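Colleague: If you scroll down you'll find the structure; I have some questions about it.
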Amino acid sequence: MKQLSLLGEPPRPEDAPGPVDAAPAPAALEALAQKLDRRLRLGTSSWAFPGWTGLVYAGAPKRQLLSRNGLCAYARHPLLNTVGVDSGFYAPLDRARLARYAAQVPADFRFVVKAPAAVTDRYRRAEGGRPGELNPGFLDPALALEQAVAPFRDELGERAGVLLFQLPPLGRGITSNPRRFAEDLYRFLRRLPDGPTYAVEVRDEALLTPDLAAALHHGGAAPSLASHPRMPALPEQGALFAAHAADGPLVIRWLLRHNRGYDEARERYQPFDRLAEPDPDTRRAIIALIRAALAQDREVFVIANNKAEGSSPRSLIELARELVAA
């Protein structure tokens, strides 16, 4: 007997999840990818954007289909060999979902997965993101192991790239004492199991101190450098962590222009099919950081967001072209 829908009608064949086809890659793009260092990994923040039709995807797949099955096509793009799974921040990713993601990409593909806010946010957030009561799970290593580390490690396997602990703005109770925060973060990191590659990203400029750099170094985590209006420019962030740079991968997330907010950029740039506001200064800064890291024989992850310039795949194409030209 066929399963009925909620409206009492049989499901239609066109409603069933199906494959997503990759857009044909121009020969010039294939040639560009061959010139890039294999230690460099380029990817986007998520992948379910119908506006990428003709650029990443063929046909006109809907967002829901892309979210479930789009990674197969995404991973066939010549330049895209990593991806940011930002949805992990809003709720823990269940093991079945991570296993499904891993099955859709080749063995040399790597994921950059955000740990949930249940571990990285000092507050439980009310509607609209307003801080509510204090979060008892903040920097709790046991909770991190259960909700983030173990599923990331076990289900992604060799495709597990970086587990990212992105901390949102933490409030004056934390930023007024950066040294204590660095010490707490160090103790948290030291209690996580060895094996996965961990990275930490903050959203409070006041926390960017030599103490934080030392905490990440001794705690076994890499800094994640964020191009974001709340943070200093990328060269300044890179300089802070330069003394310990050779200890792990370079992780850069190209998120927002310094003159735009998230919602503003989203409204301006949708459907994310063009470079609406190119940001050559940030691109040059990223290229300089990449070249320095590769000279140190480090792996590099660059994750671009649509809100950086208008279309993250196009941002990465331009980045790759300038990097090769340099």
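The numbers here are math on the coordinates, done by the rules we state, and not lab data. Small disclaimer: the values here were computed from a predicted structure and weren't measured. Cβ placement follows ideal geometry from the backbone for every residue including glycine, while neighbour counts extend to all protein chains displayed.
Colleague: Quick check: Cα centre of the stretch 88-140 to Cα centre of the stretch 202-269, how many Å?
Modeller: 19 Å
Colleague: Taking the Cα centre as origin and putting +1 on Lys and Arg beta-carbons and -1 on Asp and Glu beta-carbons, what dipole magnitude results for the chain, to the nearest 20 debye?
Modeller: 120 debye
Colleague: Taking amide H atoms as placed 1.01 Å from N in the peptide plane, list the residues 5 or more away in sequence, or in a different chain, whose amide H sits under 5 Å from that of Val200.
Modeller: Phe165, Ala222, Ser224
Colleague: Kindly write out, for the stretch 97-104 in residue order, the coupling ³J(HN,Hα) from the Karplus curve 6.51 cos²θ - 1.76 cosθ + 1.60 (θ = phi - 60°), rounded to whole Hz, with x marking Gly and Pro.
Modeller: 5, 4, 5, 5, 4, 4, 6, 8
Colleague: Still on this model: Okay, helix-only estimate at 222 nm for the chain: each DSSP H run of n ≥ 4 adds -39500 (n - 2.57), divide by all residues, round to 500 deg cm²/dmol; what do you get?
Modeller: It lands at -10000 deg cm²/dmol.
Colleague: Output ³J(HN,Hα) for the stretch 225-239: one whole-Hz value per residue in order, computed from phi by the Karplus curve 6.51 cos²θ - 1.76 cosθ + 1.60 with θ = phi - 60°, and x for Gly and Pro.
Modeller: Here the 3J(HN,Hα) series is 8, 10, 7, 8, x, 7, 10, x, 4, 4, x, 5, 5, x, 5 Hz.
Colleague: Here's something else I'd like to know. What trypsin sites (Lys or Arg not before Pro) in the stretch 41-116 are in a loop by DSSP, with at most 13 other Cβ atoms within 10 Å of the Cβ?
Modeller: Of the trypsin sites (Lys or Arg not before Pro), the ones in loops of the stretch 41-116 whose Cβ has at most 13 other Cβ atoms within 10 Å are Lys62.
Colleague: In addition: Between Arg41 and residues 5 or more places away or on another chain, which pairs have amide H atoms under 5 Å apart, with H built 1.01 Å from N, and which residues are they?
Modeller: Residues meeting the criterion, in which the H sits 1.01 Å from N, are Val300, Phe301, Val302.
Colleague: Net charge within 12 Å of Leu156 by Cβ-Cβ distance, Lys/Arg positive one each and Asp/Glu negative one each, not counting Leu156 itself?
Modeller: +3
Colleague: Another question, if that's okay. Calculate one ³J(HN,Hα) per residue across the stretch 293-298 by plugging θ = phi - 60° into the Karplus curve 6.51 cos²θ - 1.76 cosθ + 1.60, and present them in order as whole Hz with x for glycine and proline.
Modeller: Calculated HN-Hα couplings, in order: 5, 5, 5, 8, 6, 9 Hz.
Colleague: So for the pair Lys35, Ser176, with labels modelled 7 Å out along Cα→Cβ, what separation do we get in nm?
Modeller: Between Lys35 and Ser176, the label points sit 5.4 nm apart.
Colleague: Take the Cα gyration tensor of the chain, multiply each eigenvalue by 5, square-root it, and list the three semi-axes largest first, rounded to whole angstrom.
Modeller: The three semi-axes for the chain are 31, 26, 19 Å.
Colleague: Which residue, Gly43, Gly248, Gly59, tops the fluctuation ranking in a GNM of the chain built on C-alpha contacts under 10 Å?
Modeller: Among Gly43, Gly248, Gly59, the largest mean-square fluctuation in the Gaussian network model of the chain belongs to Gly59.
Colleague: Can you spot the aspartates and glutamates whose alpha carbon is less than 12 Å from Lys114's alpha carbon? Ignore those fewer than 8 places along the same chain.
Modeller: Reachable aspartates and glutamates: Asp86, Glu201.
Colleague: Please arrange Leu164, Leu208 by how many other C-beta atoms lie within 10 Å of their C-beta, fewest to most.
Modeller: Ascending number of Cβ neighbours within 10 Å: Leu208, Leu164.
Colleague: For Ala99 and Ala22, FRET efficiency with R0 = 22 Å and r from the beta-carbon atoms, rounded to 0.05?
Modeller: In this case the efficiency is close to 0.50.
Colleague: Still on this structure, please answer the following. So if each residue of separation counts as 0.36 nm, and I subtract the Cα-Cα distance between Ala239 and Ala150, what length gain in nm does that give?
Modeller: The Ala239-Ala150 span can extend by a further 28.8 nm.
Colleague: A follow-up question, please. Which one, Thr120, Thr209, Thr82, has the greatest fluctuation when you compute a Gaussian network model over the chain with C-alpha springs under 10 angstrom?
Modeller: Among Thr120, Thr209, Thr82, the largest GNM mean-square fluctuation belongs to Thr209.
Colleague: What aspartates and glutamates could a cross-link reach from Lys307, if we take a straight Cα to Cα line under 13 Å and drop same-chain neighbours fewer than 8 places away?
Modeller: Lys307 reaches Asp263, Glu264, Glu267, Asp273, Glu277, Asp279.
Colleague: Given the chain, what percent of its DSSP beta bridges are antiparallel, to the nearest 5?
Modeller: DSSP beta bridges in the chain are roughly 10 percent antiparallel.
Colleague: Give me, ordered by chain and number, the residues 5 or more places off Val162 or on other chains with an amide H under 5 Å from its own placed amide H.
Modeller: HN-HN under 5 Å from Val162: Phe111, Val112, Val113.
Colleague: Taking 8 Å as the Cα distance limit and 6 or more residues as the minimum spacing, I'd like the relative contact order of the chain as a percentage.
Modeller: Relative CO of the chain lands at 17 percent.
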